[in-house]
Amino acid sequence: MTKNKTITVAIISIPNTGKSTLFNLLTGAHQAVGNWPGVSVEKKTGTFKLNGYTVKLIDLPGCYSLTATSIEEQVVRDYILQTPPDVIINIADARNLYRSLGLTLQVAQSGIPMILAVNMMDEARRMGLKIDFKALQEHLGMPVVPIVARKGEGIDQLKQKLLELVEGKITYHGPQTSCPIHTDKSVLSLADEIKKLNINPKLSEVFLAVRFLESNESTKALKKKIPAIKELSPAIRQTREQLEHRLGEKIPLACAHCRFNSARGLVMETTSEHITLTDRVTEKIDAILLHKYLGIPIFLLIMLFLFQGIYALGTPVQNLIGDGFEWLQNSVRTLPIARHISPFIVNFITDGLIEGVGVVVAFFPIIALFFIFMSLVEDSGYMARAAFLLDHLMHSIGLDGRAFINILLGYGCNVPAIMGTRILSSQHTRIITMLVIPFTLCSARLQVFIFVAGILFAPQIAPWVVFSLYILSFVVVILVGLFLKLIRFAGKPEPFIMEIPPYRLPTLRTVLLRAWEEMKDFLNRASTIIVLGVIVVWVLTNLPVGVTPGSPQSLAAKIGQSIAPLFRPLGIDWQEIIALLFGLIAKEIVVGSLAVIYGGDPSTQLAAALTPLKGMSFMIFTLLYTPCVATISAIRAESRSWRVTGFILVLGLTLAWLFSFLFYQGGKLLGF
Amino acid sequence: METVLMLPNVECKIISIDGNRQLANRLTQMGVLPGSVLRIVRIGPLGRTVEVLIDQGESIALRSEELRKIKCKILALPLAAVKDKQKTYRVRNFAGGWGFIQKMQARGIFPSDIIRIKETDGYEIISKDSRLIRVGRGEAEKIIVEPVDETL
């Protein structure tokens, strides 16, 4: 191979083997995060230089097997089938080789040159485990490198082996997995058929034959690329029927049996002693953290701490950024040049553009902190525990325990909470969680409620008003969850199988990289919609040229007045409709825009314009209606679906209208 | 055929996984196959969610209704979970600290003792030398016994 060539390398492994740590170690900050096409599964790619080669590294989602039982596994299977990489790096957990080798043996069949990196060697050594790497290497027919990804141990050897493999200094053989004779025979005869088609030199025909026999989805995945596959369908069906009849079980199950039997044999031959992975420390910590009675209170304390941490640290920075942008707006307005340009354009720049960018930047500290805390919780292994503790509660609304943390954090800010859904295990839970989060009472909505309740209610009553809105938010979250479960909006839930990994100390590098990546990601994916949204609202409230923003002559007011009849049964006037429209940018703007619209001192004006009943109805509407543009764009970015995004807009508006209507009309009937 | 008992320290060997095909597939691809041994570690505080230790060393969480679909052979269970008084059991180990082991040994119960159960209400057991020993319910939860196959 010539130098300056790009080689594609994919990292594949079962969950919890330190895949991301190795990925980060190899690529550093040269990463890009995106989604796999059509699904809400994260796709990470990165590059690094290796002796003149550019290595494009792809971090495949964690999966147990290419026999897909989850969306992540489908992504991996389709990736290998459709665009086979040049080299595969497979990571195994040294403490439990058996668990990892099932996947290794399956992927090794593909014929793609492969390296096995045996990670967490330090912990294996501490447990007194010895692995015969020479024997393992011989049996697997591929280079095997012991590494400690957390400490960077063995990475040079890994790169060295990668280079040797690429330059053809070592050749790849691949292991032999023995299956019952008739299975082998059927697979080989189908492989011969595939060979006749002469389709893909990169993948072994035996590998393709097994994939095709296992499921029709594999055939489907290749059909687009290689239409000739269609000709095989009768042969595949026939072989599958014959084989399943003889085996008395489904082919994927039979193949898993062969693989894991081989894996068991390999482990017995190459590791020194029987593995006792139940590490003492984890057992002791779990006895407290997962305690029958103490578990949930401790969880709530940890959450309270995280919550307080994020907002105590983030809000001052956010305010600082807000002040900075306000200063920027003012200084642009007072620029000498501003006097020579029409005030309309100056306003557009300051209140439209700068405001829009300001809204985006103001999210940075919260998102960074949120993900720093999230990765601490996740990398330490506590996330799985929290999910375990609260699973039953969430199961009743069709979610699993992990989603609880996201929903809870939605009470701080919806945006990172929705971005955080990508760590959830299945597409089903991700979509449902994304759709209930907008009904949580975030801190921006809280500002509105404190302001309005403070004006309309006596100081003794106001806190209870806000509290009742919290309760309403809980109720709506549960109702929406139940509703989505009932209509099966996100398809069937997957069976719940969650690994509970041993506790581990998170590394600073991984945590910081994660926060950095998320911020970059937010900037790339969310910012355009946010800035656009802000500009649209600005245009509506400032056109036609020359009107006072938000005044009765503006476009927004015209819209507000024209849809006012819709809001009359809710006790909401056109002035508040404009405020709600402003609220699309960010909920906290609702307060400021009320001030603009009513002019002068908003407190007395509002108190005069709104009865407590009307105010309450307005607050209920504010709580439930369409989330802010940042949240909408996060939902769009995470779900990769306009259907889901559109659904939340409609659902929010409908629920807000319904609840306000019931409340206002009910209140009127009762004589308030 | 037996199903898994939802109690901590119950150990069982998988005979077959069926019923829920999706679950069966998932577990199989994880390497949990007929012949694997499961141990219930704990039940979640709200019930229904169960932490299970697989003999290969990993801990996984499952829901009890899914776990019940696994057909298995019970290998060990706490004395408190024994329902069948006719059978003979062997004391396998104590799921307690050093103090508990001392206490049990002072009462004459040692690991690998063959015992019979006389009364499951107040837990009266008959030890190998035909002495009657009473243990409390809390203690019975920590004495792990395995059924003795009398046909051998």
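The values are calculated or read from the model by the stated rules, or taken from the named source; none is laboratory data. In this text, all values refer to a predicted model and were calculated from it rather than measured experimentally. No Cβ is skipped: glycine too gets one built from the backbone with ideal geometry, and neighbour counts run over all protein chains shown. Calculation scope for accessible area: heavy atoms of the full protein, side chains included, ligands and nucleic acids excluded. Shrake-Rupley method; radii C 1.70, N 1.55, O 1.52, S 1.80 Å.
Below are the figures for this structure:
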item: Residue among A:A403, A:A453, A:A386 that alone is at negative phi, aliphatic (A, V, I, L, M) and away from chain B (no Cβ under 14 Å); result: A:A453
item: Selection from segment A:434-469 of residues that are open to solvent by 10 Å² or more (accessible area, probe 1.4 Å) and of a type outside the set (A, V, I, L, M, F, W, C); result: A:S443, A:Q447, A:G454, A:P459, A:Q460, A:P463, A:S468
item: Contacts under 8 angstrom Cβ, first residue in segment A:383-394 being under 14 Å from A:L408 (Cα atoms) and at pLDDT below 85, partner outside any helix (DSSP H, G or I) and not acidic (D, E), 6 or more apart; result: A:L393/B:L46
item: Helices (runs of 4 or more DSSP H) wholly inside segment A:291-377 containing at least 2 residues that are open to solvent by less than 20 Å² (accessible area, probe 1.4 Å) and either basic (K, R) or within 14 Å of another protein chain (Cβ to nearest Cβ) (or both); result: A:295-333
item: Selection count, segment A:544-585, where residues are surrounded by fewer than 23 Cβ atoms within 10 Å (Cβ to Cβ), part of a loop (DSSP other than H, G, I, E, B) and at negative phi; result: 11
item: Single residue of segment A:389-400 satisfying the filter (within 11 Å of chain B (Cβ to nearest Cβ) and of a type outside the set (D, E, K, R)) that is farthest from A:L479 (Cα to Cα); result: A:L389
item: Hey, A:R385 basic (K, R), more than 21 Å from A:G592 (Cβ to Cβ) and touching a Leu at 6+ places or on another chain (Cβ under 6 Å) or not; result: yes
item: Any chance A:G398 is modelled with pLDDT under 85 and either touching a Phe, Trp or Tyr at 6+ places or on another chain (Cβ under 7 Å) or among the basic types (K, R) (or both); result: no
item: Any chance B:Q56 is at the interface with chain A (Cβ under 9 Å from one of its Cβ atoms), surrounded by 20 or more Cβ atoms within 10 Å (Cβ to Cβ) and more than 14 Å from the chain's Cα centre (by Cα); result: yes
item: Set B:L67, B:L77, B:L46: member being more than 11 Å from chain A (Cβ to nearest Cβ) and surrounded by 15 or more Cβ atoms within 10 Å (Cβ to Cβ); result: B:L77
item: Helices (runs of 4 or more DSSP H) completely within segment A:397-503 that count 2 or more residues being under 30 Å from B:V32 (Cα atoms); result: A:401-410, A:427-436
item: Count of residues meeting criterion [open to solvent by less than 10 Å² (accessible area, probe 1.4 Å) and within 14 Å of chain B (Cβ to nearest Cβ)] in segment A:406-428; result: 1
item: Segment B:1-26, residues that are free of Cβ contacts under 8 Å to residues at least 24 places away in the same chain and out of contact with any helix residue (DSSP H, G or I) (no Cβ under 8 Å at 6 or more places or on another chain); result: B:R21, B:Q22, B:R26
item: Test: residue in segment B:80-98 that is of a type outside the set (V, I, T), at pLDDT 85 or above and open to solvent by less than 30 Å² (accessible area, probe 1.4 Å); result: yes
item: Members of segment A:507-516 that are crowded, with 18+ Cβ neighbours inside 10 Å and not polar (S, T, N, Q); result: A:V511, A:L513, A:R514, A:A515
item: Test: B:G31 is under 18 Å from the mean Cα position of the chain (by Cα) and among the small types (G, A, S); result: no
item: Those residues of segment A:247-282 which are loosely packed, with under 13 Cβ neighbours inside 10 Å, more than 14 Å from chain B (Cβ to nearest Cβ) and either under 15 Å from A:H182 (Cβ atoms) or modelled with pLDDT of 85 or more (or both), in sequence order; result: A:E269
item: Residue match in segment A:470-481 (condition: open to solvent by 40 Å² or more (accessible area, probe 1.4 Å) and touching a helix residue (DSSP H, G or I) at 6+ places or on another chain (Cβ under 8 Å)); result: no
item: Single unsatisfied condition, A:P493 versus (1) away from every other protein chain (no Cβ under 14 Å); (2) open to solvent by 10 Å² or more (accessible area, probe 1.4 Å); (3) farther than 30 Å from A:E283 by Cβ; (4) touching a helix residue (DSSP H, G or I) at 6+ places or on another chain (Cβ under 9 Å); result: (1)
item: Strands (runs of 3 or more DSSP E) contained entirely in segment A:77-166, each with at least 1 residues that are over 23 Å from A:P252 (Cα atoms), in contact (Cβ under 8 Å) with a residue 40 or more places away in the chain and aliphatic (A, V, I, L, M); result: A:87-93, A:114-119
item: A:A221 vs. criteria closer than 20 Å to A:I112 by Cα, among the small types (G, A, S), buried (at least 18 other Cβ atoms within 10 Å of the Cβ) and away from chain B (no Cβ under 14 Å); result: yes
item: Hits in segment B:44-58 - residues which are under 17 Å from A:L390 (Cβ atoms) and either assigned to a strand (DSSP E or B) or not assigned by TED's automatic domain parsing to the domain that holds B:V10 (or both); result: B:T49, B:V50, B:E51
item: Criterion violated by A:R95 - all others in (1) within 13 Å of chain B (Cβ to nearest Cβ); (2) touching a strand residue (DSSP E or B) at 6+ places or on another chain (Cβ under 6 Å) satisfied; result: (2)
item: Matching residues, segment A:638-649, being of a type in the set (A, V, I, L, M) and open to solvent by 10 Å² or more (accessible area, probe 1.4 Å); result: A:L649
item: Unmet criterion (only one of (1) at pLDDT below 90; (2) within 10 Å of chain A (Cβ to nearest Cβ)) for B:A61; result: (1)
item: Unique residue being buried (at least 21 other Cβ atoms within 10 Å of the Cβ), modelled with pLDDT of 80 or more and of a type outside the set (F, W, Y) when the list is A:I597, A:I620, A:I589; result: A:I620
item: Close pairs (8 angstrom Cβ cut-off, 6 or more residues apart or separate chains): of a type in the set (F, W, Y) in segment A:494-505, in a loop (DSSP other than H, G, I, E, B) anywhere; result: A:F496/A:D400; A:Y503/A:G381
item: Any hit, segment A:172-193, residues being of a type in the set (D, E, K, R), over 31 Å from the mean Cα position of the chain (by Cα) and surrounded by 15 or more Cβ atoms within 10 Å (Cβ to Cβ); result: yes
item: Members of segment B:27-43 that are within 8 Å of chain A (Cβ to nearest Cβ) and either modelled with pLDDT under 85 or part of a loop (DSSP other than H, G, I, E, B) (or both); result: B:M30, B:G31, B:L33
